[in-house]
Amino acid sequence: MLAARTEQYIIFRLVQEKLAIDIREINEIIKMEPITAVPNSKSFIKGVINLRGKIIPVVSLCRRFGLAESPPDTRSRIVVVHYRQEAIGIMVDSVEKVASFHEVEPPLESHEVQGEQYMDGIGMCAGELISILNIGRLLSDG
């Protein structure tokens, strides 16, 4: 067991997988907005949005994990996180709920989630294994 703690996470869906982000890393969750592409940006940067007058880069987790992107729909959201004193958006297919994990295990090497190197651990919620994203690794690597 990696840690015995009770912390809250936002659980979201990406393709068929449920993933989580520590709620303390999230500024806000907004509905999908038009995203403006930025030439010569990293491959996983979808583009930028204007959020109340501030330009925010938006990361595509599908691109980051090497998955095919599906077109956004009414459930799609942008999770705005804080990273190095900046706001960065992360595209997700839907936000499911807030949950607490009482125990977090280290990531399983054989776990079938793409992007395992960006995971902090695995929590159990309603009988499902949920991979927890490490925002620092996700945004700094590559």
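Restricting segment 52-142 to GluC sites (Glu not before Pro) that sit in a DSSP loop and have at most 11 other Cβ atoms within 10 Å of their own Cβ leaves Glu109, Glu112.
What is the gain in length, in nm to one decimal, between Ser43 and Ser94 on full extension, counting 0.36 nm per residue of separation less the C-alpha to C-alpha distance? Before the final figure, lay out each step's value.
Working: separation 51, 0.36 × 51 = 18.36 nm, distance 2.21 nm.
Extra length from Ser43 to Ser94 when fully extended: 16.1 nm.
On the beta carbon distance between Lys54 and Gln16, with R0 = 35 Å, the FRET formula returns roughly 0.60.
Based solely on its DSSP helices, what 222 nm [θ] is calculated for the chain when runs of n ≥ 4 H residues each add -39,500 (n - 2.57) and the sum is averaged over all residues, nearest 500 deg cm²/dmol?
On the way: 2 runs with 11 residues, N = 142.
Per the formula, -1500 deg cm²/dmol.
For the pair Glu25 and Asp73, label points projected 7 Å from Cα toward Cβ lie 2.7 nm apart. In sequence order, segment 76-87 has phi-based couplings of 5, 9, 10, 8, 8, 10, 9, 9, 6, 6, 10, 8 Hz under the Karplus curve 6.51 cos²θ - 1.76 cosθ + 1.60, θ = phi - 60°, and Gly or Pro positions carry x. Taking Gly66, Gly127, Gly47 as the candidate residues, the one with maximal mean-square fluctuation in a Gaussian network model of the chain, Cα springs under 10 Å, is Gly127. In summary, the aspartates and glutamates within cross-link reach of Lys42, defined as a Cα separation below 19 angstrom excluding same-chain residues under 8 places away, comprise Glu69, Glu86, Asp141.
Not counting the cut sites, what is the longest span of the chain without trypsin sites (Lys or Arg not before Pro) that DSSP labels loop and that have at most 16 other Cβ atoms within 10 Å? Could you put the intermediate results ahead of the total?
Numbers: sites that count: Lys42, Arg52, Arg75, Arg84.
Answer from the scan: 85-142.
We did not get these values from a lab; they are worked out from the coordinates using the rules stated. No experiment lies behind these values; they were computed from the predicted model shown. Ideal geometry is used to build each Cβ from the backbone, glycine not excepted, and the neighbour counts take in all protein chains shown.
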